[in-house]
Amino acid sequence: MVAKRVPLIAGNWKMNLDHLQSIAFVQKLAWSLKDARFDYAGAEVAIFPPFTDLRSVQTLISADKLELKFGGQDLSAHDSGAYTGEISGAFLKALDCSYVIIGHSERRQYHHETDEELAAKVAAAIRHGVVPVLCVGETAEDLEQHGPSAVPVAQLRAGLAGVEAGADIVVAYEPVWAIGSGQAATPEQAEQVAAALRATLVELIGHEAADATRILYGGSVKAANIAGFMRQPNVDGALVGGASLDLAEFSSIAQFQKHVGT
Ligand code: PGA
């Protein structure tokens, strides 16, 4: 039986918008979705601002009782101590973060984060009760050499090494060649890899948890192409970069149900 997965539309702001800009953005996003009579039971909407914005975002969301979720873009594998510049999962949890992105391709590429480090970060997130959004995806060279799913599947296995059956996680499939390029994967390509990832999840965390796990597609998602991805049986949402900084565009992506039938 296929579990009913609540889709997740996630906005990864990367290193954009300071804490004042974040407040204005979140307020406008909430108004826009309210105006559109957005049904939060039908889809979760989460934003991932820079660390320095999180307290402002948390205060606004809790004071105005908004139904938006939020999370960090990274966390430390350690819980506390002499790790200058690092952020503990405990701090994210204390700020009501529901999620944390782990292993985004920009962290893998520019900060040389290894699969082993990412597995330790996934474990840290789970330890602190923050749901990890583990990013996996192949480069254009990987695609040429190994085909579409080999590298993402290997990254998933490595990232979830040590995770117990039944774990609550989110997986984001983000082909590196599609990120920020304007060249999104086709819905069929996304589905092919998402299906391979779900089959791997069955092995790693068991049938029930694999069925319940949201697998997001990320890479040049826009209002104009979201419906195609959301029609795929194994794609349960999107991790949106550039378009998540454009209020009208991100609000429209969140309202994908309006386009799916068209
Ligand atoms: P993009 O980024 O939507 O700008 O392609 C996606 C991501 O990096 O998460």
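What follows draws every value from the coordinates through simple rules; no lab data is involved. Since the structure is predicted, the reported quantities are computational estimates derived from the model, not experimental observations. Backbone-built Cβ (ideal geometry, glycine too); neighbour counts: all protein chains shown.
Please report the relative contact order for region 1-119, taking Cα pairs under 8 Å with a sequence separation of at least 6, and give it as a percent rounded to a whole number.
On the way: 143 pairs, mean separation 28.4, N = 119.
Worked out over region 1-119, it gives 24 percent.
Below 8 Å, C-alpha to C-alpha, sequence gap of six or more: please give me the relative contact order for the chain in percent.
Numbers: 504 pairs, mean separation 52.2, N = 262.
Computed value for the chain: 20 percent relative contact order.
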Cut-off under 5 Å, modelled amide H: who pairs with THR139 long-range:
VAL176
Quick one: which residues, 5 or more positions from LEU216 or on another chain, have an amide H under 5 Å from its amide H? H modelled 1.01 Å from N in the peptide plane, none for Pro or chain starts.
VAL171, ALA172, TYR173, ASP236
Show the residues, 5+ positions off or on another chain, whose built amide H is closer than 5 Å to the amide H of ALA46.
ILE9, ALA10, GLY11, LYS69
Run the dipole for region 8-260 about the Cα centre, Lys and Arg Cβ at +1, Asp and Glu Cβ at -1, nothing else charged, and hand back the magnitude in debye, nearest 20.
680
Lysine pair count for the chain [Cα-Cα under 23 Å; pairs on different chains or 8 or more apart]:
22
Of ILE87, ALA30, ALA178, which is farthest on the positive side of the dipole of the chain, counting Cα position, with +1 on Lys and Arg Cβ, -1 on Asp and Glu Cβ, and the Cα centre as origin?
ALA30
Within region 95-187: Cβ-based charge dipole about Cα centre, in debye rounded to nearest 20 (Lys, Arg +1; Asp, Glu -1)
180
Give the distance, in whole Å, between the Cα centre of region 98-133 and the Cα centre of region 201-235.
19
Just to check I understand the Karplus step: with θ = phi - 60° and J = 6.51 cos²θ - 1.76 cosθ + 1.60, what whole-Hz values come out for region 187-197, glycine and proline as x?
x, 5, 4, 4, 5, 4, 6, 4, 5, 5, 5
Per DSSP helix of 4 or more residues, -39500 (n - 2.57); summed, then divided by the residues of the chain. What does that give at 222 nm, rounded to the nearest 500?
-12000 deg cm²/dmol
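Please arrange HIS146, HIS259 by counting, for each residue, the other beta carbons lying within 10 Å of its beta carbon, fewest first.
Details: HIS146 14, HIS259 17.
Sorted ascending by nearby Cβ count, the order is HIS146, HIS259.
Provide Rg over Rh for the chain; use the alpha carbon set for both Rg and the Kirkwood Rh (inverse mean inverse pair distance).
Numbers: Rg = 17.1 Å, Rh = 18.3 Å.
Reported Rg/Rh (Cα atoms, Kirkwood Rh): 0.94.
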Stretchable slack from ALA140 to ASP39, in nm (0.36 nm times residue separation minus alpha-carbon distance)
32.6 nm
